[in-house]
1. Calculated from DSSP H runs of 4 or more alone, at -39500 (n - 2.57) each and per residue, what is the 222 nm mean residue ellipticity of the chain, nearest 500?
2. Could you let me know the centre-to-centre spacing of the range 163-186 and the range 292-362, using Cα atoms, in angstrom?
3. With all pairs of different alpha carbon atoms counted, what Kirkwood hydrodynamic radius in Å does the range 1-148 show?
4. Can you list residues whose amide H is under 5 Å from Gly379's amide H, if they're 5+ apart or on another chain and H is modeled 1.01 Å from N?
5. Give me the log10 of I(q) over I(0) for the chain at q = 0.07, 0.11 Å⁻¹, as the Debye formula computes it from C-alpha points; what are the numbers?
6. Applying the Karplus parametrisation 6.51 cos²θ - 1.76 cosθ + 1.60 with θ = phi - 60° to the phi angles of the range 165-182, what ³J(HN,Hα) value in whole Hz is obtained for each residue in order, glycine and proline being reported as x?
7. Whole-Hz Karplus ³J(HN,Hα) for the range 383-390, in order, using 6.51 cos²θ - 1.76 cosθ + 1.60 and θ = phi - 60°, x for Gly and Pro?
8. Return the sequence-ordered ³J(HN,Hα) values of the range 63-71 in whole Hz as given by the Karplus equation 6.51 cos²θ - 1.76 cosθ + 1.60 applied to θ = phi - 60°, using x for Gly and Pro.
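No lab work stands behind these numbers, since they all come straight from the coordinates. From a predicted model like this one, the values you see are computed outputs, not experimental measurements. Cβ atoms come from the backbone with ideal geometry, glycine included; neighbour counts cover every protein chain shown.
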Amino acid sequence: MGNSVLVHTDWVKGTINKHIYGQFAEHLGRCIYEGLWVGEESSIPNTDGIRNDVLKALQNLNIPVLRWPGGCFADEYHWKDGIGPKEQRKKMINTHWGGVVENNHFGTHEFFRLCELLGAEPYINGNVGSGTVQEMSEWVEYMTFDGESPMANWRQENGREHPWKLKYFGVGNENWGCGGNMRPEYYADLYRQFQTYVRNYGDNVLYKIAGGANVDDYHWTEVLMREAAPFMDGLSLHNYTIPGSWEEKQHALGFNEAAWFETLKKALHMDELITRHSTIMDKYDPNKRIGMIVDEWGTWFLPEPGTNPGFLYQQNTLRDALVAGLHFHIFHQHHERIHMTNIAQMVNVLQAMILTEGNKMLLTPTYHIFEMFKVHQDGKVLATSVEHSHYEFNDEKLPEFTVSSSEDAEGHIHISLCHLNPNASSKVNVELRGLQSDIDVTGTVLTSSSMQDHNTFTQLDKVKPVTFADYSFHQQHQLDVVLPPMSVVMLTIKKK
Ligand code: AHR
């Protein structure tokens, strides 16, 4: 079978919500501390305690939304411990993640400052598992109430006169597991109760997100939708790409083609998960008012040898880049239901954008995918049909490539292609149907000579995007594109 892509440039199917490109930063390992926050007194150059090198790199990604403070950490976080003079803040043990002492120096004010510097919307995850209704309710009052009130006055005493704007608020996290080991019926009732007191103050209107299912727990989605749909704006879903199994994870480096194949196959499984959870949501919410929020996704490998196993620090190869690209294509495809996604996590944890070591920093292949794909944010989804051959391995097969096309506000068309086959290049005919004018084409590619390739503190640019020029005009609006083995290509089409 030949490989071809037909982009209907005059047929818009919907919009890619820019929040699909969201991120997640938890008090876990070296994500917040060291990765983002070094404190005002640090010798590492910083802005109000946030390290400048990481900040600058992240600003370049146009991160639309940032989830905090967890994860599992959210359900044992007590926000009042993280405000006021730093030296007086209560310490706690981060029991989920390495049992280290958390000094609470990064709290609500510091998080909003980070979001402000990034230009990202804050997404706060509240504590249901070990918190109270009052504690959650007062946090929202502290952050968003403009006027005389105990919490608003306290915020002002702590140096913030005006309330912040806050839209996204999660009511619990993984309440089937680390967030309280609850049954869905019980959590659905708790969700209804807690969210009642999560108030809208003034013109601040919250988008309330209920804690959703783990992977393929369709029963959880069914119960939550049946019992609590009218009370939620979003319902979350968590799924990690884990070659091997949860019990027997594999290394981020030193893998073979079998692991490459299995990882990409598991990444593609996200499509089935979204489809099946969506079908249940459709039953109770046929107009798709409720957004699916995939607020944790990404690869999960064994921690790097010699690092604290509770810190989930892993390297990031070309394989991770493919995983990210494949996910974005699936999220775009489900644009009608997917409102937001948040990769886990931003710095030094799981499938990170950035790794740090002291005052050094490196950008991972995953960072480069976020950079290349940012042109899709808020783009119009263009109807695209594909014919593809298969990448075969040990009697199993995956698509040779996947594709997604969008049009940005200036009318430029962006076509991203993820090429899964590590052994051979593939020729793809790309037709742009419906265009009236001549076009200019430019391209970028992320690839490398080995699937293991990754960036290190001594070799920062082993894997980085470069100009892609392996295409030729077949006809006025038809290109022959040659995708290198194991690559991600972004084509940009400008009308003349
Ligand atoms: O991202 C790491 C952890 O994975 C999160 O804290 C938790 O929600 C999930 O199990």
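1. Values: 9 runs with 116 residues, N = 496.
The helix-only estimate for the chain comes to -7500 deg cm²/dmol at 222 nm.
2. After rounding, the separation between the Cα centres reads 21 Å.
3. Numbers: mean 1/r = 0.0578 Å⁻¹.
Taking every pair of different Cα atoms in the range 1-148, averaging 1/r and inverting gives 17.3 Å.
4. Residues meeting the amide H criterion: Ile16.
5. -0.37, -0.92
6. Each residue of the range 165-182 in turn: 8, 9, 9, 8, 9, x, 9, x, 9, 6, 6, 7, x, 4, x, x, 6, 8 Hz.
7. These are the phi-based 3J(HN,Hα) values: 4, 9, 10, 9, 10, 9, 7, 10 Hz.
8. Along the range 63-71, the couplings run 5, x, 8, 10, 8, 6, x, x, x Hz.
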